[in-house]
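K.L.:
This structure is in structure tokens; I'll ask about it shortly.
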Amino acid sequence: MKLLSRLVLIIALISTNVVAQTKVTPPKNKYTPQQDVEIGREAAAEVRKEYPLINDSQIRNYLERLGDRLVEAAPRELNNPVFEYSFTPVNLKDINAFALPGGPMFVNRGMIEAASTEGEVAGVMAHELAHVLLRHGTANATKAQGFQIGALAGAIAGAVIGGGWGEVISQGSQFGLGTWLMKYSREYERQADIIGVQIMARAGYDPRDLAHMFETIQRQGGSGGPEWLSSHPNPGNRTQYINQEASQLQIGRRPSDSGFQQTKSALSRLGPARTMAEIERGAGSGRTGEGRTGGGSVGRIGESVPPPSRQYRTVQGGQLFTVSVPSNWQAVSSNNSIKYVPMNAYGDYQGQATLTHGVELGVARASSRDLEQATQELIDGFVRGNSGMRIAGREEAFRLSGRNSIITPLEGRSALGGVERVDVHTTLLNNGDLFYLLTVVPEREAGTYGAAFDRVVRSVRLNDR
């Protein structure tokens, strides 16, 4: 009789747990799970080539064991058998972690070092695992019309690898795709929080550790928040609803956390880690419009630059924008922008990629939805990154593609001698990122280029809504 009573009690507890936990329905997705795997596999290969990975066997094995434990606790109905999971530690100081479609996950050293318990690391990993299970990356792509499966992997890799201002991919027609794929909505964040909490409980971790880690991330990120929060926005009341969900769940047997302390000790023996921004600066900081070029030089800096053609052609920046440019200007793609330049106006000058004439269009992550504040952050970055550049006048209000924008005048030292004039037009995109268009020309040729710049700016059409 006692045995029967105990069985009834156990069944009641299990039933209560199942009924109490919040049900999450995956969003609409036109891609197959196998396509998620293909995208993730290709993107992960690019990330592994670009990121400073940690090869210490103790650290790698620890992260794999922790990841495998979380996968075992994942909801069976979401855990597709085709997924290919991997858990890779990255030697970066930034508090960041991300998972690619189909299963590859990368965890920065900074995330592990910021955690005070194993449960906090497990919480972030469970949250990222939930994005994979719910297939949020390709669900984002499903909402963005016109994207093709063959271009998704490069776009995702470019979004992740870029870092800082470089989180826009501009390979061919896929400009801006990576940013949209890897920046989740608040609804997707809430879904990942809920599923992540449920995974934690089944794996033996207190889900409240996830709430604690989010608070740690926010504190250590300062006023703007670290990189992780820019792509994982707070849905609001995060701590409250995580704790509420946790109170309804039965927590499994707690695993030993001895590996966590050993891993933190092993990380401390590696020496100081660099940030992603430091790595990017180490690759060389250039003059106005500098970026990792996909098209190389256009002619030779110092040779004669032809005036803008009177004939124009309309070009596309992926699904994000269209713009009309003089027919004698060529496109140059980089990880964070697309430039349209005349012959001999873009190339290497004294070891730096240099733009002397033309326009650059790009997208920057913004820590604020206030246009003036977001613009100031971008301008500060331009001024810091270009020796001799300064703000040359007051901001002006403008309308770019039918929306409020700001024009900020700058001036600096031209590679051709004398002063160069740079006007930066900025406006906010629907997802909170900052779109910018800058024009560059030596001051002595400003009259020749003024009408062309005006026509280019007024032709911009943004398609993010």
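The values are calculated or read from the model by the stated rules, or taken from the named source; none is laboratory data. These numbers were taken from a predicted model, which means no experiment stands behind them. Positions of Cβ are generated from backbone atoms using ideal geometry, with glycine treated the same way; all protein chains shown enter the neighbour counts.
K.L.:
Out of all the residues in segment 217-228, is one or more within 30 Å of Ile338 (Cβ to Cβ) and modelled with pLDDT of 60 or more?
P.N.:
yes
K.L.:
Specify the residue that is nearest to Ile112 (Cα to Cα); the eligible residues are those in segment 249-262 that are surrounded by 12 or more Cβ atoms within 10 Å (Cβ to Cβ) and at pLDDT 90 or above.
P.N.:
First, pick out the residues of segment 249-262 that are surrounded by 12 or more Cβ atoms within 10 Å (Cβ to Cβ): 249-252, 254-255, 257, 259-260, 262.
With at pLDDT 90 or above added as a condition, the list becomes 249-252, 259-260, 262.
Details: Leu249: 26, Gln250: 26, Ile251: 23, Gly252: 23, Gly259: 12, Phe260: 9, Gln262: 12 Å.
For segment 249-262, the residue satisfying everything is Phe260.
K.L.:
I'm trying to understand the selection: among the residues of segment 371-413, which are part of a strand (DSSP E or B) and among the acidic types (Asp, Glu)? Reasoning before the result, please.
P.N.:
Going through segment 371-413, the residues part of a strand (DSSP E or B) turn out to be 390-391, 396-400, 403-413.
Correct list: Glu396, Glu411.
K.L.:
Now for a different question. Would you be able to tell me the number of residues in segment 41-57 that are surrounded by 15 or more Cβ atoms within 10 Å (Cβ to Cβ), of a type outside the set (Asp, Glu) and over 15 Å from the mean Cα position of the chain (by Cα)?
P.N.:
Number satisfying all stated conditions: 4.
K.L.:
Next up: Name the single residue that is farthest from Leu133 (Cα to Cα) among those in segment 31-57 being acidic (Asp, Glu) and modelled with pLDDT of 90 or more.
P.N.:
Step one: filter segment 31-57 for residues acidic (Asp, Glu), giving 36, 38, 42, 46, 50, 56.
Next, from what is left, pick out any that are modelled with pLDDT of 90 or more: 36, 38, 56.
Working: Asp36: 10, Glu38: 15, Asp56: 28 Å.
The extreme case among them is Asp56.
K.L.:
If the requirement is being within 28 Å of the chain's Cα centre (by Cα), at pLDDT 85 or above, surrounded by fewer than 16 Cβ atoms within 10 Å (Cβ to Cβ) and within 26 Å of Gly447 (Cβ to Cβ), which of these qualifies: Arg413, Arg399, Arg369?
P.N.:
Within the list Arg413, Arg399, Arg369, the selection yields Arg399.
K.L.:
Can you tell me which of (1) at negative phi; (2) out of contact with any helix residue (DSSP H, G or I) (no Cβ under 7 Å at 6 or more places or on another chain) is the one Ala366 doesn't meet?
P.N.:
All conditions pass for Ala366, except number (2).
K.L.:
In segment 47-65, how many residues are closer than 19 Å to Arg274 by Cβ, of a type in the set (D, E, K, R) and touching a residue at least 24 places away in the same chain (Cβ under 8 Å)?
P.N.:
Let us first name the residues in segment 47-65 that are closer than 19 Å to Arg274 by Cβ, namely 47-56, 59.
After this cut, where a residue has to be of a type in the set (D, E, K, R) as well, the list is 48-50, 56.
Next, from what is left, pick out any that are touching a residue at least 24 places away in the same chain (Cβ under 8 Å): 48, 50, 56.
Residues that pass the stated criteria total 3.
K.L.:
Next up: For segment 194-210, give me each residue that is under 16 Å from Leu66 (Cβ atoms) and part of a helix (DSSP H, G or I).
P.N.:
Once the filter is applied, which keeps residues that are under 16 Å from Leu66 (Cβ atoms) and part of a helix (DSSP H, G or I), segment 194-210 yields Gly196, Ile199, Met200, Ala201, Arg202, Ala203, Asp209, Leu210.
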